[in-house]
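Colleague: Okay, handing you the structure first.
No lab work stands behind these numbers, since they all come straight from the coordinates. Remember, predicted model here, so these are calculated numbers, not experimental data. All Cβ positions, even for glycine, are placed from backbone atoms using ideal geometry, and neighbour counts span all protein chains on display.
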Amino acid sequence: MTDKRRYFAAGALLLFILGAAGSIAAPAQQPPRPPEFKEIMIARNIPDLAARLKEFERIKAAYPESTMMALIDDSIHGIKIELCSSLDDVLALQKTVAGQGEGFEKIYSLYGAAMEIATHRNLPVFDKAGVVKAVLFYKDEAGKLLQDQAYVQSVPEDERPYLSEYAHEIQIGEAMSYLNAGEPEKAMNALNAYKSAGGAPEGMFWYTFAEAAGKLGKNADALLGYMDAAIENYEDAEAKAGDMWIKVNGKADGFDAALEAKRRELPYHPEEFAAPADWKGKAVLAEIFTGSECPPCAGADIGFDGLIESVPGKFLAILEYHLPIPRPDPIINPATKTRQQYYGVNSTPSTFFDGEAKAGGGGGRANAAEKYKEYLAEIKPRLSALPEARLTAKAARTGDEITVDVAIEKPVEGAEIFVVLVQKEVRFQGGNGIVFHKMAVRDLRVVAPDAPRAVFDLAASEKATDEYLTEFEKTYDRIPNYKFAKRCFQIDRNALQAVVFIQDKQTKKVHNAFSVDVK
């Protein structure tokens, strides 16, 4: 089953079990977890499908009134589908699910049914013509729903854009079914139809495109497709890209550098920044709460990367906080937790501009250009404001000690002065494919207006973060016995920046900001 299907399979239910707040301990406002929670989490990690099914059926019988019953039923259905050895068995199970439900769930169930078939582990032994027929049937049913205005109007307005997205996404499943049937030309036609309908080409799309191109003898196109899928960490795309590189170039030399460059490359062209003619010294503070295991954070993160590349630091200060949402992230630290609590953030990606929650939501890499435009639309109008305070700062490092001296033209009553230590880039490849995490927050201080100096002990910051990660492992109960594969607590001494800003204690409004490289 594909990563995308796994991620969306239980929708809001997964947010519940993985913990919407993403914190080490659930926030006080969340209801206590039901007693079956731990048993469900253990069951989800049983590798043997038959044993996993048996355990979920036991849990269902043991907790007939469970508030998590929808998730339990979804899990049982998914396991039974995976255990099927024939297409007829899959279709029999799908009869009670596909095309059912209300609102968005109705069209999503058709997408889910199509992808359950197209990505099934036993797909190679299924009846090939039957697979194509079944996927096309689900595609046609989804298309009929899109044309049914009564149905479309029955879906909440904010969910309607997703109707078209998932109805057209079935075309990727269609392409997969044609590939399985040995018809790569038809697979390519389905992919082209998906793009023509406005579909966003992401990892699953590019991988399928590469498979079709390779079967058509278009190795150069296949290489590009595998590389695009690899930068999203999609299945075995990186290994296949390496193999195809050798086919195209005759040797492996240069592949690693090319993939590295591809990962750094923005999937869009940021616009040339024009400073406002009436600029009066206001710098905007842009903050994003993100996670390396958060698929929809990819588009938001890369949208912020475009801001870093195109907007000069005198106009924009950027802070990126990593949180363990929906899964653990080794770039978390006490400072990111502090700011999460400060704003009451319970989902990623979440973005704030001058302390205001704006331009929320994300998406895959294909959504990055649109997110970049949304962020610019929030930033530009703010730059013409007359700042209530003016800031400058100097930051210097001596060994492991960093001193940040802040100069304030005039303090603002009722506001706090924050000094944040930022690492310009942290390298870590998480589940969403992002490798280079920019402007990652490492530590923070609040300084007094009459003594505006912050001192950071890098060794102490590293030790505190390492202990924080250890405590997280001890208390995290969403994945039994969880351990970080990599612990990103070490701070690069040569890639640091200090961000200073003045923020109102009550309204959270940021009056001004200033960023400076650590010398």
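Colleague: Could you calculate, for the range 418-519, the ratio of the Cα radius of gyration to the Kirkwood radius, expressed as Rg to Rh?
Modeller: Numbers: Rg = 16.1 Å, Rh = 15.7 Å.
Taking Rh as the inverse mean 1/r over Cα pairs, Rg/Rh reads 1.02.
Colleague: Now a separate question. If pairing requires two Cys Cβ atoms under 4.7 Å apart, which cysteines of the chain are left without a partner?
Modeller: So far as the 4.7 Å Cβ criterion goes, 84, 488 stand without a partner in the chain.
Colleague: Under 15 Å from the Cβ of residue 67, count the other residues' Cβ atoms, weight Lys and Arg +1, Asp and Glu -1, and hand me the total.
Modeller: On the way: positive: 33, 38, 60; negative: 36, 39, 65, 73, 74.
Net charge in that neighbourhood comes out at -2.
Colleague: A further question on this structure: With labels modelled as points extended 7 Å from the Cα through the Cβ direction, what inter-label distance (nm, one decimal) is found for residue 256 paired with residue 272?
Modeller: According to this spin-label approximation, the distance is 3.8 nm.
Colleague: Right, here's the next one. With a ≥ b ≥ c taken as the square roots of the eigenvalues of the C-alpha gyration tensor of the range 296-400, please select rounded if a/c is under 1.5 and otherwise prolate if a/b is larger than b/c or oblate if it is not? Intermediate results must be reported in sequence, preceding the final value.
Modeller: Details: a/c = 1.56, a/b = 1.09, b/c = 1.43.
It comes out oblate by the Cα gyration axes.
Colleague: Report the label-to-label distance for residue 247 and residue 409 in nanometres (one decimal), using points 7 Å from each Cα along the Cα→Cβ vector.
Modeller: Reported label-point gap for residue 247 and residue 409 is 6.2 nm.
Colleague: Any chance you could run the full-extension gain for residue 343 through residue 471? It's 0.36 nm times the residue separation minus the Cα-Cα distance, nm to one decimal.
Modeller: Numbers: separation 128, 0.36 × 128 = 46.08 nm, distance 2.28 nm.
Additional length available on full extension: 43.8 nm.
Colleague: Any chance you could check the Cα centroid distance between the range 82-115 and the range 224-264 for me, in angstrom?
Modeller: Cα centroid of the range 82-115 versus Cα centroid of the range 224-264: 34 Å apart.
Colleague: Shifting gears a bit: Take the alpha carbon gyration tensor of the range 240-353, find the square roots of its eigenvalues, order them as a ≥ b ≥ c, and report rounded if a/c is under 1.5; if not, report prolate when a/b exceeds b/c, else oblate. Don't skip to the answer; put the middle values down first.
Modeller: Numbers: a/c = 3.26, a/b = 1.40, b/c = 2.32.
Oblate, since a/c reaches 1.5 and b/c is not below a/b.
Colleague: While we're on this one: Shape of the range 34-168 from its Cα gyration tensor (a ≥ b ≥ c, root eigenvalues): rounded if a/c is under 1.5, otherwise prolate when a/b > b/c, or oblate? Don't skip to the end; give the middle numbers.
Modeller: Values: a/c = 2.72, a/b = 1.29, b/c = 2.11.
Here the range 34-168 falls in the oblate category.
Colleague: I'd like the GluC sites (Glu not before Pro) in the range 410-519 restricted to DSSP loop residues with at most 11 other Cβ atoms within 10 Å, sorted by number.
Modeller: Working: sites: 413, 416, 425, 462, 467, 471, 473; in loops: 413.
Within the range 410-519, the qualifying GluC sites (Glu not before Pro) (loop, at most 11 other Cβ atoms within 10 Å) are 413.
Colleague: So what does the Cα-only Debye profile of the range 284-517 read at q = 0.12, 0.17 Å⁻¹, as log10 I(q)/I(0), no solvent term?
Modeller: So the normalised log intensities are -0.63, -1.29.
Colleague: Here's something else I'd like to know. Between 0 and 90 degrees, rounded to the nearest ten: what's the tilt of helix 128-147 against the longest Cα principal axis of the chain?
Modeller: Roughly 60 degrees, rounded to the nearest 10.
Colleague: Just want the answer: with Cβ charges of +1 for Lys and Arg and -1 for Asp and Glu, which residue in 437, 408, 299 is farthest toward the dipole's positive end in the range 284-517?
Modeller: Working it through, the farthest residue towards the positive pole turns out to be 299.
Colleague: Starting with the fewest neighbours, write out 109, 164 ranked by other beta-carbon atoms found within 10 Å of each beta-carbon. Could the numbers behind the result be given before it?
Modeller: On the way: 109 20, 164 16.
Ordered from fewest to most neighbouring Cβ atoms within 10 Å, 109, 164 come out as 164, 109.
Colleague: A follow-up question, please. Order by neighbour count: 310, 515, fewest other Cβ atoms within 10 Å first, most last. Each step should come with its number before you reach the end.
Modeller: Working: 310 16, 515 24.
Placing the least packed residue first, the sequence is 310, 515.
Colleague: Amide H of residue 327: which non-local residues (sequence gap of 5 or more, or other chain) have their own amide H closer than 5 Å, using H built in the peptide plane?
Modeller: Sorted by chain and number, the residues that satisfy this are 293.
Colleague: Sorted from fewest to most neighbouring beta carbons within 10 Å, what does the list 86, 350 look like?
Modeller: 86, 350
Colleague: If you don't mind, another one. Please work out the FRET efficiency for the pair residue 144 and residue 185, using the Cβ-Cβ distance as r and a Förster radius of 30 Å; give the result to the nearest 0.05.
Modeller: On the way: r = 27 Å, r/R0 = 0.89.
E(calc), rounded to 0.05, equals 0.65.
Colleague: Which value at 222 nm does the chain reach when only helices count, each DSSP H run of 4 or more adding -39,500 (n - 2.57), with the total divided by all residues and rounded to the nearest 500 deg cm²/dmol?
Modeller: Computed ellipticity for the chain at 222 nm equals -14500 deg cm²/dmol.
Colleague: Rounded to the nearest 10 degrees, what's the angle between the helix 184-196 long axis and the longest principal axis of the chain, both from Cα atoms, 0 to 90?
Modeller: With rounding to tens, the tilt is 40 degrees.
Colleague: Right, something else. For a 27 Å ceiling on Cα separation, which of these pairs sit above it: 463/509; 282/463; 394/438; 262/486; 186/262; 195/424?
Modeller: Values: 463/509 32 Å; 282/463 36 Å; 394/438 21 Å; 262/486 23 Å; 186/262 29 Å; 195/424 35 Å.
As for pairs spanning more than 27 Å Cα to Cα, those are 463/509; 282/463; 186/262; 195/424.
Colleague: On a straight-distance basis, which lysines could pair with residue 60 in a cross-link, Cα separation under 18 angstrom, same-chain partners fewer than 8 positions away excluded?
Modeller: Partners within reach: 38, 80.
Colleague: By how many degrees, between 0 and 90 and to the nearest 10, does the Cα long axis of helix 368-382 differ from the longest principal axis of the chain?
Modeller: For helix 368-382, the angle is close to 30 degrees.
Colleague: Follow-up. Given points 7 Å out from each Cα along the Cα-Cβ axis, report the residue 309 to residue 400 separation in nanometres with one decimal.
Modeller: My value for the distance between the label points is 3.7 nm.
Colleague: Turning to a different aspect of this structure: Straight-line reach from residue 240: which aspartates and glutamates have Cα under 12 Å away, leaving out those fewer than 8 places along the same chain?
Modeller: Reachable aspartates and glutamates: 211, 228.
Colleague: Pop the C-beta distance of residue 91 and residue 508 into the FRET formula with R0 = 41 Å and round what comes out to the nearest 0.05. Present the calculation step by step, with values, prior to reporting the outcome.
Modeller: Working: r = 53 Å, r/R0 = 1.29.
Rounded to the nearest 0.05, the efficiency is 0.20.
Colleague: Another question about this same structure. R0 = 35 Å: FRET efficiency of residue 494 with residue 83, Cβ-based, nearest 0.05?
Modeller: My answer for the efficiency is 0.10.
Colleague: Quote to one decimal, in nm, the extra length available between residue 482 and residue 357 on full extension: 0.36 nm per residue of separation minus the C-alpha distance between them. Working shown, then result.
Modeller: Numbers: separation 125, 0.36 × 125 = 45.00 nm, distance 3.19 nm.
Stretched out fully, the residue 482 to residue 357 stretch lengthens by 41.8 nm.
Colleague: Using a cut-off of under 19 Å, list every residue of the range 96-112 whose amide N is near the label point 7 Å from the Cα of residue 165 along the Cα-to-beta-carbon line.
Modeller: So the set is 102-112.
Colleague: Over all alpha-carbon pairs of the range 355-439, lay out the pair-distance distribution in 5 Å bins, whole %, shortest bin first.
Modeller: Bins of 5 Å from zero give 3, 9, 12, 15, 19, 16, 13, 11, 3, 0 percent of pairs.
Colleague: Turning to a different aspect of this structure: Using Cα pairs under 8 angstrom and six or more residues apart, how large is the relative contact order of the chain, in percent?
Modeller: Working: 924 pairs, mean separation 70.5, N = 519.
Relative CO of the chain lands at 14 percent.
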